[in-house]
Amino acid sequence: MGKTLFDKVWDAHVVDTIENGPQVLYIDKHLIHEVTSPQAFQELEERGITIARPNQIIATADHNTPTIDQHLPIKDALSRKQLQQLTENCRKNNITLYDLGHKYNGIIHVIAPELGITQPGMTMVCGDSHTSTHGAFGTIAFGIGTSQVAQVFVSQCLLMQKPKKLRVNVNGKLPKNVLPKDVILYIISKLGTNSGTGYFCEYAGNVFEEMSMEGRMTVCNMSIEMGARGGMIAPDETTFNYIKGREFAPKGDNFDKKIAYWKTLKTDTDAVFDLEYSFDASDIEPMITYGTNPGMGIKISETIPEINNATFEKSLAYMGFNKGEQLLEKEINYVFIGSCTNSRIEDFRIAANYIKGKQKAANVTAWLVPGSQQVAKQITEEGLQEIFEEAGFKLRQPGCSACLAMNDDKIPEGEYCVSTSNRNFEGRQGQGSKTILASPLTAAATAIAGKIVNISKEIKEPELV
Amino acid sequence: MEKFITFTSTAIPLPTENVDTDQIIPARFLKATDKQGFGENVFRDWRFNKDGSTNNDFVLNNADFRGSILVAGNNFGCGSSREHAAWALSDYGFKVIISSFFADIFKGNALNNGLLPIQVSEDYLNELLTKTTENPSIELTIDLEQQILKTPVGKVSFKIDSYKKMCLINGYDDIDFLISKKEKIETFEAEINY
């Protein structure tokens, strides 16, 4: 029987197998940030153990950083202390840190791919559930808890049960103005938030093959929102072209050798999945969520389903929506374009292309937060910043920002926010805030109209500027 | 880690489904650099109203319900990988969570902190939620050695990875185990050819 892409990468990393128990899985790259690492460093210190492979760890500050005035000392004492702790821990343990203000600083899941750290066939972990993002490169990448961060610190390995295998196929032609974010929101709305639990997901079909790396990252990023530990897409020419020439990408002959190996990383035709779903691309529309988990999504033209269940009703009551109603035309005062899901250059190109020549609605406060310093630089160099500023938008500095609102970027209580982030949980963007997940195009259109609009009726095509 | 063998307690029913880790411990409380004190803010935005007053409708604020077992709706612990959720529940005093489904990362985090997640069938869970809601004084017993859960709904066996069970019973953690694999790991590294 053939092997899946997931099998090939997993099996190449098994160090040992415990009878009736987990396997010891070797980890190539360990990404860390300020929020989920301090207790792991503390654990090692208390036990007097040193870090096994500091050169396989990359650190950044992203979750708890301000997105304005990053050159000034951080006002919040606890946040300041958490960042100082990260700096101190990295210094003591010889770990590369892209600290606040560094030219490579940014959201960990944005910077690792753009620096060429993320490569096909690797295993990567981070104390963050959206580590699944890196699966876009044919990488086994998944989020871990802090105890596991400590385990990787001491051994460069993890104890893991091999997950089951799931494949989601999307074939056909996507309608105009349907973006990768819509594709993944559609999949999750069909399968539900726990459909992938216990599985690693492979996305296959012409829709993913034709996507840019940025689009593939958006899709894999949200695998965890259907419960899957990770998502993967087989590497191809698009992947190789993206990696080529990046800071930490293999160079010269070594790159060619790697490509020869990377080309073997695809699911064999006779491989078997434990579970498989297929969708028709032409059925997908711009998507939007109406509830308090990412599975509660509808096509923007649809109405909220009428389901009789206490949890469902509690969720609608929180959002202030009713069964059977549409979200179109709802007035929206907050828009957030950012997060590890949608803060890459392509997302800002799409938003700028739509916004060009228009004006932001007066009622809207819009936060545009690039995923990294490098994305911010590109935004300026490509002239997108001017487009945003002429339309009344202000760009902020890189970080996780209002996706989880650990810093000051909080949506006020009771306000709706059309957001390109990944979670619409109660209070996720600030206490009492109400999140509506959407694509960067729908978010941009909302900021211009001041209300939710159906983008597929608005413009012909999301051309790149 | 504290050893876990058998355990008896009354339970607290929380029938809400898809309880995510942002509800268990909101992000604004993740600024600490140690593991202590998260229990104070467990379910913070459900326990307290916006003005800081106590939400008397929430089960943890109902004096009738006491105990170290949480009986929770389907798909408990979904969302963020924050281990702070497991620390918060543990610090608050929970030792066992019973649900019909757990999110992967949460389940692992719980086990790594001596907090035992027990998965039961949906029917069993619904009946248990009803019974514990109607009668807060009923007691639930967990025998980890035998992998048995005993409640007024019935005696059922539950699954747990045998390695993890050994760790819980003996108070071991994965770090001890991984350190013992040092040589194998080094041999593996020397032979990497991908």
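The values are calculated or read from the model by the stated rules, or taken from the named source; none is laboratory data. Note that this is a predicted model, so its numbers are computed, not measured. Cβ coordinates were reconstructed from backbone atoms using ideal geometry, including for glycine residues, and neighbour counts include every protein chain displayed. These accessible areas exclude ligands, DNA and RNA; they are computed on the full protein's heavy atoms, side chains included. Shrake-Rupley method; radii C 1.70, N 1.55, O 1.52, S 1.80 Å.
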field: Long-range amide H partners of A:Thr365 with built H, under 5 Å
entry: A:Tyr334, A:Val335
- prompt: Within 10 Å of each Cβ of A:306-313, how many other protein chain Cβ atoms are there on average?
  reply: 2
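Leaving out ligands and nucleic acids, note down the accessible area per residue over the protein assembly as shown with a 1.4 angstrom probe, in whole Å².
Values: 24250 Å² over 659 residues.
Computed with neighbouring chains in place, this is 37 Å² per residue.
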message: Can you give me the convex hull volume of the Cα atoms of region A:289-458, divided per residue and expressed in Å³?
response: 96 Å³
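Normalised by the residues of region A:5-275, what does the relative contact order come to in percent, with Cα pairs under 8 Å and at least six apart? Please list the in-between numbers first.
On the way: 528 pairs, mean separation 59.9, N = 271.
22 percent.
Taking the mean number of other Cβ atoms within 10 Å as a proxy for protection, how do you rank B:59-70, A:132-143, B:22-33 from highest to lowest? Can you show the working numbers first?
Numbers: B:59-70: 16.8, A:132-143: 30.3, B:22-33: 21.9.
Packing order, densest peptide first, comes out as A:132-143, B:22-33, B:59-70.
Quick one: buried accessible area between A and B, total over both chains, 1.4 angstrom probe, nearest 100 Å²? Write down the numbers at each step before the final one.
Details: alone 18440 and 10860 Å², together 24250 Å².
Buried area (both sides, nearest 100 Å²): 5100 Å².
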message: Give me the tail of P(r) for the protein assembly as shown as a percent: Cα-Cα pairs with distance above 33 Å.
response: 44 percent
- request: Tell me the trypsin sites (Lys or Arg not before Pro) within region A:1-84 that lie in a loop according to DSSP and have at most 12 other beta-carbon atoms within 10 Å.
  value: A:Lys75
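Which GluC sites (Glu not before Pro) in region A:7-85 pass both tests, a DSSP loop state and at most 11 other beta-carbon atoms within 10 Å? Could the numbers behind the result be given before it?
Values: sites: A:Glu19, A:Glu34, A:Glu43, A:Glu45, A:Glu46; in loops: A:Glu19, A:Glu34.
Those that pass, being in a loop and sparsely packed, are A:Glu19.
Compute the relative contact order of chain B as a whole-number percentage, counting only Cα pairs closer than 8 Å that sit 6 or more residues apart in sequence. Please report the intermediate quantities before stating the final value.
Values: 351 pairs, mean separation 51.3, N = 194.
Taking the mean separation of contacting Cα pairs over the length of chain B, I get 26 percent.
Per the helix-only calculation at 222 nm, which mean residue ellipticity applies to chain A, given -39500 (n - 2.57) for every DSSP H run of n ≥ 4 and division by its residues, nearest 500 deg cm²/dmol? Before the final figure, lay out each step's value.
Numbers: 15 runs with 140 residues, N = 465.
Calculated at 222 nm, the ellipticity per residue is -8500 deg cm²/dmol.
With a ≥ b ≥ c the root eigenvalues of the C-alpha gyration tensor of region A:91-215, is it rounded (a/c under 1.5), prolate (a/b larger than b/c) or oblate? Please list the in-between numbers first.
On the way: a/c = 2.36, a/b = 1.48, b/c = 1.60.
Taking the square roots of the gyration eigenvalues as a ≥ b ≥ c, region A:91-215 is oblate.
Quick one: putting +1 on the C-beta of Lys and Arg, -1 on the C-beta of Asp and Glu, what dipole do you get for region A:1-73 around its Cα centre, in Debye to the nearest 20?
Values: 5 positive and 11 negative charges, 52 e Å.
With Lys and Arg at +1 and Asp and Glu at -1, about 260 debye.
Charges only on Cβ, +1 for Lys and Arg, -1 for Asp and Glu: so what's the dipole of region B:1-78 about the Cα centre, in debye to the nearest 20?
Numbers: 8 positive and 10 negative charges, 44 e Å.
Dipole of region B:1-78, to the nearest 20 debye: 220 debye.
Which loop-located chymotrypsin sites (Phe, Trp or Tyr not before Pro) does region A:243-340 contain, where loop means any DSSP state but H, G, I, E or B and the Cβ has at most 16 other Cβ atoms within 10 Å? Before the final figure, lay out the partial values.
Values: sites: A:Phe248, A:Phe255, A:Tyr261, A:Trp262, A:Phe273, A:Tyr277, A:Phe279, A:Tyr290, A:Phe312, A:Tyr318, A:Phe321, A:Tyr334, A:Phe336; in loops: A:Phe248, A:Phe273, A:Tyr290, A:Phe321.
Within region A:243-340, the qualifying chymotrypsin sites (Phe, Trp or Tyr not before Pro) (loop, at most 16 other Cβ atoms within 10 Å) are A:Phe248.
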task: Just name one of B:Ser157, B:Ser9, B:Val42: the one whose Cα is farthest towards the positive end of the charge dipole of chain B (beta-carbon charges, Lys/Arg +1, Asp/Glu -1).
output: B:Ser9
task: With unit charges on the beta carbon (Lys/Arg positive, Asp/Glu negative), name the residue among A:Gly172, A:Ser132, A:Ile224 whose Cα is farthest towards the positive pole of the charge dipole of region A:5-275.
output: A:Gly172
message: Please compute, for peptide A:116-129, the average count of beta-carbon atoms on other protein chains lying within 10 Å of each residue's beta-carbon.
response: 2
- request: Just give the residues from region A:160-201 buried by at least 30 square angstrom of accessible area in the all-chains context relative to the isolated chain, probe 1.4 Å, and say none if nothing qualifies.
  value: A:Thr193, A:Asn194, A:Thr197
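Assign unit charges at the C-beta atoms only (+1 for Lys and Arg, -1 for Asp and Glu), then state the dipole size of chain A relative to its Cα centre in Debye, rounded to the nearest 20. Before the final figure, lay out the partial values.
Details: 47 positive and 55 negative charges, 70 e Å.
Dipole size: approximately 340 debye.
What is the Cα radius of gyration of region A:239-377 over 2.2 N^0.38 Å, N being its residue count?
Compared with the compact-globule rule of thumb, region A:239-377 sits at 1.50.
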Listed residues A:Ser401, A:Gly2, A:Phe312: farthest to the positive end of the dipole of the protein assembly as shown (Cβ charges): A:Ser401
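Which order do the peptides B:123-133, A:354-364 come out in when sorted by mean C-beta neighbours inside 10 angstrom, highest first? It would help to have the intermediate numbers written out before the result.
Details: B:123-133: 18.4, A:354-364: 16.2.
So the order, starting with the most tightly packed, is B:123-133, A:354-364.
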Pair-distance profile P(r), taking every C-alpha pair of region A:5-275, with 5 angstrom steps and integer %: 1, 6, 12, 16, 18, 17, 14, 9, 5, 2, 0, 0
message: Under the rule of at least 5 residues apart or a separate chain, name every residue whose amide H is placed under 5 Å from the amide H of B:Leu14.
response: B:Val71, B:Ala72, B:Gly73
Value of [θ]222 nm, deg cm²/dmol, for chain B, DSSP H segments ≥ 4, -39500 (n - 2.57) each, nearest 500: -8500 deg cm²/dmol
field: Table column - 3J(HN,Hα) (Hz), region A:429-438, Karplus curve with 6.51, -1.76, 1.60, x for Gly and Pro
entry: 9, x, 3, x, 6, 10, 9, 10, 7, 7
task: Kindly write out, for region A:98-115 in residue order, the coupling ³J(HN,Hα) from the Karplus curve 6.51 cos²θ - 1.76 cosθ + 1.60 (θ = phi - 60°), rounded to whole Hz, with x marking Gly and Pro.
output: 9, 6, 3, x, 5, 5, 9, 5, x, 5, 3, 7, 9, 6, 4, x, 6, 8
task: Return the long-range amide H neighbours of A:Lys394 (sequence gap of 5 or more, or a different chain), with a cut-off of under 5 Å between placed amide H atoms.
output: A:Leu368
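Over chain A, what is the relative contact order in percent, taking alpha-carbon pairs closer than 8 angstrom and at least six residues apart?
Numbers: 1124 pairs, mean separation 82.7, N = 465.
Averaging sequence separation for qualifying contacts and normalising by length gives 18 percent for chain A.
Looking only at Cα atoms, what is the convex hull volume of region A:1-80 per residue, in Å³?
176 Å³
Take the cross-link list A:Lys165/A:Lys257; A:Lys162/A:Lys266; A:Lys162/B:Lys31; A:Lys8/A:Lys162 and give me the ones stretching past 21 Å between alpha-carbons. Walk me through the numbers on the way to the answer.
Values: A:Lys165/A:Lys257 29 Å; A:Lys162/A:Lys266 18 Å; A:Lys162/B:Lys31 32 Å; A:Lys8/A:Lys162 12 Å.
With Cα atoms farther than 21 Å apart: A:Lys165/A:Lys257; A:Lys162/B:Lys31.
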field: Other protein chain Cβ atoms within 10 Å, averaged over every residue that makes up A:35-44
entry: 4
